[in-house]
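Heads up, the thing below is written out as structure tokens.
The values are calculated or read from the model by the stated rules, or taken from the named source; none is laboratory data. Every value quoted in this text rests on a predicted model; they were computed, and no experiment measured them. Positions of Cβ are backbone-derived with ideal geometry, glycine not excepted, and every protein chain shown enters the neighbour counts.
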Amino acid sequence: MEQPNQSYINSLSGGDQAFKQKLIDVIKKEFPEEKLVYFNNYNAKNYKLAAENVHKLKHKISILGLEKGYEVAVAYENSLLEGSTNHKEAFEAILNSITIYLEEI
Amino acid sequence: MNCIVIDDEATARMIISQLCSNVPSLNVLEEFPNAMQAIKYLNQNEVDLIFLDIHMPDFTGFDFIETLKNPPKIILTTSDPNFAIQAFEYDCIVDYLVKPITQERFNKAIGKAEAKQNKPVTKASKTEKVESTSGNDLYVNIDRRLIKIDIPSIYLVEAKGDYIQVKTEDKNYTVHSTLKKIEEKLPDNLFLKVHRSYIINIKKIIDIEDNSVLIKKDVIPVSRSNRPELMKRLNLL
């Protein structure tokens, strides 16, 4: 399975370690909050709102270099907008992999 | 170019500010997590360029553009490539950046912004049907009960997805309906749609700033296209 990485963050920071750490800290703060809101909306069957949450989480997925994960998120967002839960498991596996990664860095 | 960044995601704001810091001609004046704060800022300050997220809760980037009388250059930043066609209906939009944004692509967008003259926004005009009805009461269906609302007591109606929120002097009601439906039920001598998400009771206005009105404690954006009608309806000295 594709793993999160810091390629984009490294390229963006251009060697500025202070910026890099600050950005990682912001992601570490925002990601769990966004994930929680997603699960709350999903569990309440508010698929339209859950789709909005997936939309926002897509950015974090792409920042962490998960190109295939991004495609899964796009497909899942579209499914939710149509009231379907296709790609849910794959998407939540990506969230899980990011959660573990953010705990390690 | 003096610029501002509008995005509800702190990570995105930080990334755009970092990209800006690598371009000597850019000066980031402020960052805003929502469009309303930016509108208030723009009422007092001029900027040359706005980095604007499209997909924000309650108030999208396009809603925001509609409130600007003379918009500066705008670069849209989004995770959704599907709005590109809509984006280019606006003359003020100089580029459309899909996240995650690379420095190379960002620099290209800045080049376009620098090359483009600042023009007022133009958009295909839209026709809005305003109908009035008589009578002072409006019945709304809430939890299978028909609740009577005194129409003159309504000061604001706000669209919220599949629902509308009807705010009155005493109480707020969330109703499964559309702004268009309620607009047809409200008398047009009292009510005016000032934005695609808002209908206001013009008798309840406290004050009007350039592109927003204050009603009670709510600051409501006024679309550029709706502003002339609003001004026409006021008893101006």
Residue list for region B:6-27, restricted to those being within 14 Å of chain A (Cβ to nearest Cβ) and hydrophobic (A, V, I, L, M, F, W, C): B:A10, B:A12, B:M14, B:I15, B:I16, B:L19, B:C20, B:V23
Set B:I110, B:I101: member being within 11 Å of chain A (Cβ to nearest Cβ), over 19 Å from the mean Cα position of the chain (by Cα), more than 27 Å from B:A159 (Cα to Cα) and of a type in the set (V, I, T): B:I101
Residue match in region A:47-67 (condition: among the polar types (S, T, N, Q), crowded, with 18+ Cβ neighbours inside 10 Å, under 16 Å from the mean Cα position of the chain (by Cα) and farther than 19 Å from B:V98 by Cα): no
Residue that is nearest to A:A90 (Cα to Cα), among those in region A:1-33 that are within 13 Å of chain B (Cβ to nearest Cβ), out of contact with any Leu (no Cβ under 7 Å at 6 or more places or on another chain) and part of a loop (DSSP other than H, G, I, E, B): A:Q6
Per-region count, region B:92-123, residues modelled with pLDDT under 85 and closer than 22 Å to B:N2 by Cα: 6
Condition broken by A:E52, with the remaining ones in (1) facing another protein chain (nearest Cβ under 10 Å); (2) part of a loop (DSSP other than H, G, I, E, B); (3) among the acidic types (D, E) satisfied: (2)
Residues of region B:149-176 classified as touching a Lys or Arg at 6+ places or on another chain (Cβ under 9 Å), farther than 15 Å from B:S197 by Cβ and in a strand (DSSP E or B), total: 4
Residue within region B:82-96 that is in the same structural domain as B:L49 (by TED's automatic domain parsing), in a loop (DSSP other than H, G, I, E, B), over 12 Å from B:L52 (Cβ atoms) and of a type in the set (A, V, I, L, M) present: no
Residue match in region B:52-61 (condition: in contact with a strand residue (DSSP E or B) (Cβ under 8 Å, 6 or more places away or on another chain), more than 19 Å from A:H55 (Cβ to Cβ) and modelled with pLDDT under 95): no
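Residues are listed down the side, and each one gets a yes or a no for (1) within 13 Å of chain A (Cβ to nearest Cβ); (2) buried (at least 23 other Cβ atoms within 10 Å of the Cβ):
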| position | (1), (2) |
| --- | --- |
| B:M1 | no, no |
| B:N43 | no, no |
| B:F64 | no, yes |
| B:P72 | no, no |
| B:T77 | yes, yes |
Meets criteria (away from every other protein chain (no Cβ under 13 Å), surrounded by 15 or more Cβ atoms within 10 Å (Cβ to Cβ) and closer than 17 Å to B:I16 by Cβ) for B:I54: no
From the options A:L36, A:L66, A:L81, A:L102, residue that is more than 30 Å from B:S21 (Cβ to Cβ), more than 10 Å from every other protein chain (Cβ to nearest Cβ), out of contact with any strand residue (DSSP E or B) (no Cβ under 6 Å at 6 or more places or on another chain) and touching a residue at least 24 places away in the same chain (Cβ under 8 Å): A:L81
